[in-house]
Amino acid sequence: MEPPVAENIHVQAVSRKSPPGRRYWPTVREAFVASLPVLMGYLTMGIAFGVLVVTQVPGFHAGWTFLMSLFTVSGSMQFASVEMLRNAPQYSLIGTAILAVLINIRYTVYGLPFLRVWRNYPWWLRWGLILGLTDETYAIICASPRHGKLQRCFVSCVVFFDIAYWCIGTVTGALLGNHLPFSTEGIEFAMLALFVVILVDLCRKRENWRGAVVGGSVTTVVIALAMVFFPGTANKTLLIAMAIIIGLLLRNAPAAKRHKICNIYLHIKYL
Amino acid sequence: MSAVVIALRALPFLIFRGGQQKLPPLLDYLGKVLTAAAIAMLCVYSLASLCDFSNPNYARLLYALPATAVTVLLQLTVRNPMVSICGGTACYMLLLHFMGTILP
């Protein structure tokens, strides 16, 4: 995926002499090539999401899909929101916010490596990049060996392309949704499949196993208990499960890390 | 929802605006571990929500489990999210379509 280093140096050396418009063109093209796998992934996932949201939520307009994709750009969150929109009365605004925090807490961590570099970018570009910082985009721009203006151009292009793919995919799906020639019964499985795929990829790393096992087993127990003892309330168990999971994980945190809890407070206090 | 997601992404940029470059280790730890836990939680939750909470339909669980296995296997071997998601979903839809007449 990454171009060889020698080639990259060559591009930089050539572009220093060429006029500014020309100078960024190779980087734009490289950014497009680097984002091709994301094109395939986002288009399929976007279409799946669009079809899902239109068929599951009655009266959902394609325009809403576009706005939602443009301002959220988060596959897992949007898939989860389908379930919320379907049973909208059962979810309060605060519940939705908490669920969004839980699902997307990882994005907070993604921003950390870029703090120093992005601070020098103009504010509109920085906020655009922050908006588009997804799993896939993060992976691509982490792997980029560029520096300075070329890096900025590359990162901006990758983020822009990825947001565009996602919006195009979801709107296409939403427009297709009600005109599919076959029965869409069972399409809701795509949501589960997406989560399973992400989980499998995460579990390739040994360090993620404990989190996955704790998360999965706690949720299984909580939902099973709720279904047996409090039928009808089982769809409100997510928060309870998450609280238990965080508690368990903090208990298991390595001791050296645990006593640094106070560090967070110190950080916040001295802002 | 969008507001929360954007705020989450912007959070580190807002908090660590000053010269402080080191991030608290606990945040680091939680960020690493919580992702897997949250996704695992969502897996179980959406698996359970396939068979309708208020009116449990356990036959659907019976179809969803093999389909999940297919998804996992595809992702482990082919390593292409697109293939895995489409394969698993097709498997579930076919099971639901053809077995649905035997086990409603």
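Readers should treat all values here as calculations from the given coordinates under stated rules, not as data from a laboratory. What you are looking at is a predicted structure, and each value in this text was computed from that prediction instead of being measured. No Cβ is skipped: glycine too gets one built from the backbone with ideal geometry, and neighbour counts run over all protein chains shown.
Quantify how strongly other chains surround peptide B:86-94 by giving the mean number of their Cβ atoms within 10 Å of each of its Cβ atoms. Numbers along the way, then the final one.
Working: counts 4, 1, 7, 11, 4, 3, 8, 9, 1.
That works out to 5 on average.
Could you list A:Ile168, A:Ile140 so that the one with the fewest beta carbons within 10 Å of its beta carbon is first and the one with the most is last?
Placing the least packed residue first, the sequence is A:Ile168, A:Ile140.
Counting only Cα atoms, region B:57-104 measures 33, 15, 12 Å along its principal axes, largest extent leading.
Sort A:Met227, B:Met99, A:Met68 by Cβ crowding within 10 Å, fewest neighbours at the top.
B:Met99, A:Met227, A:Met68
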